[in-house]
Every structure is written in C-alpha cells, then in structure tokens.
Amino acid sequence: GAGVSQTPSNKVTEKGKYVELRCDPISGHTALYWYRQSLGQGPEFLIYFQGTGAADDSGLPNDRFFAVRPEGSVSTLKIQRTERGDSAVYLCASSLTQAVFSGANVLTFGAGSRLTVL
Amino acid sequence: SQQGEEDPQALSIQEGENATMNCSYKTSINNLQWYRQNSGRGLVHLILIRSNEREKHSGRLRVTLDTSKKSSSLLITASRAADTASYFCATDRGNQFYFGTGTSLTVIP
C-alpha cells in the first residue's frame with residue numbers, strides 16, 4: 001500500500017485478555033519498528049525488525065510483550081495478560097535500510113492502534 | 001528510555017510569529033530528525049540534519065545542530081494555524097531511533 005497500515009485503530013479489552021496488533025509496512029521497507037506512546041509523551045521504542053528477525057527487542061517492557069514478522073513484511077505485536085498500564089497508542093513505522101555510515105533513514109509511521117485495557 | 005528532551009513542553013503563539021523549540025540529547029548520534037504529530041495521528045517526518053551539518057533549511061523550517069552541546073533547535077517562521085501540532089526530535093544511531101518528549105505548539109489565528 002501507499003502508507004503504513006495499522007489495525008485495529010482502536011481496541012478495548014479487559015484486564016487479563018490477549019491482544020494482537022497488526023502492522024502492514026510500506027512495500028519494500030526492510031526495517032520495521034514498534035513504539036508505544038502514552039498520553040502527552042513521546043514514542044517509546046519497543047522493538048526493531050530488520051527483515052524477519054528482531055534486531056533489537058530491548059524496549060519490550062516484559063515477557064508479556066512479543067512481536068513477530070515471519071515473512072519480512074507484516075508484523076504482529078502480541079500482548080498477553082493485558083494490564084491497565086498497557087493502555088497506550090501503539091505506533092508502527094517502517095523505513096528503507098541505508099548503509100549505516102550514509103545515515104539518513106527516515107521513518108514512515110502508521111496512524112497507530114489505540115489500546116484501552118479496562 | 002527516551003534519548004531526547006524538548007523544551008518548552010508547550011508553546012502558544014499568534015499566527016505569523018516564529019516558533020522555536022529546542023531538543024537536547026544524551027549520546028553521540030549519526031543524524032537528528034524532527035517529526036510532527038497532529039492530534040490522534042502518526043508522526044510525519046519534517047527534516048533531517050546529519051551530525052556533520054550545523055544548519056539546514058526546508059521551506060519555513062530551519063534546524064540547527066550543535067553536537068558539542070548535544071542540542072538542536074527547530075525554528076518555524078511565519079507560523080500558521082495549521083502548524084498546530086506536537087513536534088518531536090529523534091536521534092538516530094544507525095538503524096535505531098529514539099524520540100524526545102515533544103513540544104506542543106498552538107498557533108492562534
């Protein structure tokens with residue numbers, strides 16, 4: 001597609017439930033990022049994929065959070081046993097990967113998935 | 001944890017005035033970028049400045065970078081009501097991006 005697509009746009013769930021959030025990046029973008037944004041805050045890094053593999057998952061807050069990108073395109077962020085503190089907007093972004101020393105990766109973001117845990 | 005911090009946290013100006021927001025960061029970087037976020041939307045890339053550059057212009061935007069002070073500023077000239085949004089700086093080291101806390105800009109018509 002023309003942009004980064006995230007579904008669902010809104011998800012309301014009950015504490016303890018399992019949630020999946022989907023991200024469909026721009027075609028051909030090899031790098032994919034998940035961020036979490038709480039109200040009034042900047043995006044907080046969760047995980048970064050290069051192709052199918054998680055190149056950096058150091059931002060995942062705990063083992064209830066997991067993300068996959070099995071074919072190097074669509075990614076799913078999975079949250080088990082949701083807690084009220086997980087309520088936030090989950091943003092996905094993708095980019096073309098440039099050589100590290102030429103710099104210049106630019107992120108294209110989706111509109112986000114707003115998760116509310118009751 | 002987030003790498004950057006913007007100040008001020010909030011800024012309110014009259015249409016036509018200039019808006020300046022600042023970003024400080026903690027570690028060495030390859031590039032610094034500025035993004036804009038309208039309420040309820042994703043972030044949109046505005047401008048990128050490389051670590052070996054000191055100033056860059058794009059339309060009504062002017063960005064400066066001082067790597068010795070680990071700081072950057074974004075100037076929006078001749079502001080418009082449509083510039084109302086939150087603005088974030090993002091530092092990148094290779095393929096990892098870290099965002100600041102943002103400046104909320106309100107431009108009053």
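The values are calculated or read from the model by the stated rules, or taken from the named source; none is laboratory data. Computed from a predicted model, the values in this text were never measured in an experiment. Reconstructed Cβ throughout: ideal geometry from the backbone, glycine too, with neighbour counts over all protein chains shown. Note: accessible area is taken over every heavy atom of the protein model, side chains too, but ligands, DNA and RNA are not part of it. Shrake-Rupley method; radii C 1.70, N 1.55, O 1.52, S 1.80 Å.
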Candidates A:78, A:17 - the one that is assigned to a loop (DSSP other than H, G, I, E, B), touching a residue at least 60 places away in the same chain (Cβ under 8 Å) and surrounded by fewer than 16 Cβ atoms within 10 Å (Cβ to Cβ): A:17
Among (1) within 27 Å of residue B:6 (Cβ to Cβ); (2) facing another protein chain (nearest Cβ under 8 Å), the one test that residue A:92 misses: (2)
Extreme residue, surrounded by the fewest Cβ atoms within 10 Å (Cβ to Cβ), among residues of the range B:30-48 that are in a strand (DSSP E or B) and more than 8 Å from chain A (Cβ to nearest Cβ): B:47
All positions within the range B:1-29 that are part of a strand (DSSP E or B) and within 12 Å of residue B:74 (Cβ to Cβ): B:6, B:7, B:11, B:19, B:20, B:21, B:22, B:23
Subset of the range B:41-89 [touching a residue at least 60 places away in the same chain (Cβ under 8 Å) and within 14 Å of residue B:107 (Cβ to Cβ)]: B:78, B:79, B:80, B:81, B:83, B:87
Where residue A:68 falls short, out of the listed (1) open to solvent by 30 Å² or more (accessible area, probe 1.4 Å); (2) over 11 Å from the mean Cα position of the chain (by Cα): (2)
Which numbered condition residue B:82 misses (of (1) under 26 Å from residue A:6 (Cβ atoms); (2) within 14 Å of another protein chain (Cβ to nearest Cβ); (3) among the hydrophobic types (A, V, I, L, M, F, W, C)): (2)
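Considering B:91, B:101, B:27, which residue is open to solvent by less than 10 Å² (accessible area, probe 1.4 Å) and at pLDDT below 95? I'd like the intermediate steps shown before the answer.
Values: B:101 fails: open to solvent by less than 10 Å² (accessible area, probe 1.4 Å); B:27 fails: open to solvent by less than 10 Å² (accessible area, probe 1.4 Å).
That would be B:91, the only listed residue that is open to solvent by less than 10 Å² (accessible area, probe 1.4 Å) and at pLDDT below 95.
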Number of positions in the range A:94-118 that are at pLDDT below 95, of a type outside the set (Ser, Thr, Tyr) and either in contact with a helix residue (DSSP H, G or I) (Cβ under 9 Å, 6 or more places away or on another chain) or not in a loop (DSSP other than H, G, I, E, B) (or both): 2
Conditions (1) within 12 Å of chain B (Cβ to nearest Cβ); (2) open to solvent by 30 Å² or more (accessible area, probe 1.4 Å): number failed by residue A:47: (2)
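Can you tell me which residue within the range A:9-44, out of those that are hydrophobic (A, V, I, L, M, F, W, C) and over 13 Å from residue A:67 (Cβ atoms), is farthest from the other protein chains (Cβ to nearest Cβ)? Quick ask: steps written out before the conclusion?
Let us first name the residues in the range A:9-44 that are hydrophobic (A, V, I, L, M, F, W, C), namely A:12, A:19, A:21, A:23, A:26, A:31-32, A:34, A:39.
With over 13 Å from residue A:67 (Cβ atoms) added as a condition, the list becomes A:12, A:26, A:31, A:39.
Values: A:12: 16, A:26: 13, A:31: 6, A:39: 11 Å.
Per the stated criteria, the residue is A:12.
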Which numbered condition residue A:54 misses (of (1) part of a strand (DSSP E or B); (2) more than 10 Å from every other protein chain (Cβ to nearest Cβ); (3) modelled with pLDDT of 95 or more): (3)
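Any residue at all in the range B:53-65 that's more than 10 Å from every other protein chain (Cβ to nearest Cβ) and polar (S, T, N, Q)? Give the steps one after another, and end with the answer.
Just the residues of the range B:53-65 that are more than 10 Å from every other protein chain (Cβ to nearest Cβ), to begin with: B:53-65.
Narrowing further to those that are polar (S, T, N, Q): B:58, B:64.
Yes, that holds for at least one residue.
Kindly provide the set of residues from the range B:54-109 that are of a type in the set (Gly, Ala, Ser), part of a loop (DSSP other than H, G, I, E, B) and under 14 Å from residue A:43 (Cα atoms), ordered by number.
Keep residues of the range B:54-109 that are of a type in the set (Gly, Ala, Ser), which gives B:58-59, B:68, B:71-73, B:78-79, B:81-82, B:85-86, B:90, B:94, B:100, B:102, B:104.
Cutting the leftovers down to part of a loop (DSSP other than H, G, I, E, B) gives us B:59, B:68, B:78-79, B:94, B:100, B:102.
Of everything in the range B:54-109, those that are of a type in the set (Gly, Ala, Ser), part of a loop (DSSP other than H, G, I, E, B) and under 14 Å from residue A:43 (Cα atoms) turn out to be B:100, B:102.
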